[in-house]
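J.: Provided herewith is a single structure, encoded as structure tokens, for subsequent inquiry.
Coordinate-derived values only; no laboratory data. Keep in mind that this is a model prediction, so the values were computed, not measured. Neighbour counts are summed over all protein chains in view; Cβ atoms, including those assigned to glycine, are modelled from backbone coordinates with ideal geometry.
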Amino acid sequence: MGVDEAASYLNVSRRWMYRDSQRHGVPRYYFGGKLRFRVEDLDSWARQQKVF
């Protein structure tokens with residue numbers, strides 16, 4: 001999925017996906033020069049995050 005879809009899926013901004021997702025360990029891939037995310041990876045990453 002693309003950046004806009006992933007941002008909506010995680011309820012974060014598009015800017016956060018570009019700027020902060022790598023720093024927070026969100027699995028991301030480049031395909032054809034575009035940033036992409038897999039739903040399975042986003043689900044797994046979200047389950048591992050702590051909520052305060």
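J.: Given Val26, Val3, which one is among the β-branched types (Val, Ile, Thr), surrounded by 14 or more Cβ atoms within 10 Å (Cβ to Cβ) and in contact with a strand residue (DSSP E or B) (Cβ under 9 Å, 6 or more places away or on another chain)?
T.: Exactly one residue qualifies, and that residue is Val3.
J.: Counting only residues that are without any contact (Cβ under 8 Å) to a residue 12 or more places away in the chain and at negative phi, how many does region 29-38 have?
T.: Result for region 29-38: 3.
J.: Could you tell me whether region 10-27 includes any residue that is touching a residue at least 24 places away in the same chain (Cβ under 8 Å), of a type in the set (Gly, Ala, Ser), at negative phi and in contact with a Leu (Cβ under 9 Å, 6 or more places away or on another chain)?
T.: No: zero hits.
J.: Take the residues of the chain that are assigned to a loop (DSSP other than H, G, I, E, B) and basic (Lys, Arg): which is nearest to the chain's Cα centre (by Cα)?
T.: First, pick out the residues of the chain that are assigned to a loop (DSSP other than H, G, I, E, B): 1-2, 11-13, 20-28, 32-33, 37-38, 49-52.
Okay, now just the ones that are also basic (Lys, Arg), so 23, 28, 38, 50.
Details: Arg23: 11, Arg28: 7, Arg38: 8, Lys50: 16 Å.
The selected residue is Arg28.
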